[in-house]
Amino acid sequence: MAYIKLDDFVFDCSKCHTRCDGISKGVYLFESDASFSEEYEQLLINKINATGKLVAVKSEIAGYPDVEVRDLTGKLYCYLEVKVQQRAFMSVEKRLPQSNLKPSETVALNLSDLLRYFDLNKSSQIRIVIVWFLLKRLCLVRREGFKVYFQTAGELEKIYTAEKSKRTFRRKSGEGDVVDGLHKGVTVNYHFSLKELKEWEW
């Protein structure tokens, strides 16, 4: 299958020879997913620190994004929220027809996290950037690799304000969502298009 530049979007999933399965996984292992994401958080931290221009560390403030970035003087530069996505939302056209999104271009973020970052961005004047690592979406990513996209919370809020409920989807709770009696799994997501993000040249 040819790799089409993002500028040439949209991919036609119905003609794809390596089509994503579109089957809900049903089992959501919260602790396993969190551990998997942390590997990519560390990869991002290492990437930033290797530049020698900024210092990135894992954030220790509850409710804040995953990674704290400062300049060499110690001044806060930004916070990064890291999302790792291996599955395409293959039923987005059916579930959210008013969104005008295609499966190949769609990425998701926990709605409660998104709204919290909007608030932090405004109330504390903290620059927040959401970073998506995309894996296994073969129209974009070679089989063993990944691609990275990002956008500021400020820009994402403009999209959210314009689109609102058109892009919100609540999935059913599944096995693994409840940990020690608490529902920790993400069930309400908000969706964006890759066309609204920037690609991080990795």
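The values are calculated or read from the model by the stated rules, or taken from the named source; none is laboratory data. Since we're looking at a predicted model, the values are computed, not measured. Cβ sites come from the backbone with ideal geometry, for glycine too, and all protein chains shown count toward neighbours. We work out accessible area using only protein heavy atoms, side chains counted, and drop any ligands, DNA or RNA first. Shrake-Rupley method; radii C 1.70, N 1.55, O 1.52, S 1.80 Å.
Every listed requirement among (1) outside any strand (DSSP E or B); (2) at pLDDT 85 or above; (3) touching a helix residue (DSSP H, G or I) at 6+ places or on another chain (Cβ under 7 Å); (4) under 26 Å from residue 79 (Cβ atoms) is met by residue 162 save one, (3).
Among the residues of region 51-65, is any in a strand (DSSP E or B), surrounded by 15 or more Cβ atoms within 10 Å (Cβ to Cβ) and either modelled with pLDDT under 90 or of a type in the set (Asp, Glu) (or both)? Checked against the condition, which is being in a strand (DSSP E or B), surrounded by 15 or more Cβ atoms within 10 Å (Cβ to Cβ) and either modelled with pLDDT under 90 or of a type in the set (Asp, Glu) (or both), region 51-65 yields no hits at all. Scanning region 1-48 for residues that are at pLDDT 75 or above, in a helix (DSSP H, G or I) and surrounded by 10 or more Cβ atoms within 10 Å (Cβ to Cβ) yields a count of 15.
Against the conditions (1) modelled with pLDDT of 95 or more; (2) surrounded by fewer than 16 Cβ atoms within 10 Å (Cβ to Cβ); (3) among the aliphatic types (A, V, I, L, M), residue 107 satisfies every one except (2). Residue count for region 83-104, restricted to those that are among the basic types (Lys, Arg) and either over 23 Å from residue 39 (Cβ atoms) or more than 18 Å from the chain's Cα centre (by Cα) (or both): 3. For residue 113, the criteria (1) part of a helix (DSSP H, G or I); (2) of a type in the set (D, E, K, R); (3) more than 17 Å from the chain's Cα centre (by Cα) hold in every case but one, which is (3).
Let's see how each residue does on (1) open to solvent by less than 60 Å² (accessible area, probe 1.4 Å); (2) out of contact with any Leu (no Cβ under 8 Å at 6 or more places or on another chain):
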| site | (1), (2) |
| --- | --- |
| 82 | yes, no |
| 95 | no, yes |
| 120 | yes, yes |
| 143 | no, yes |
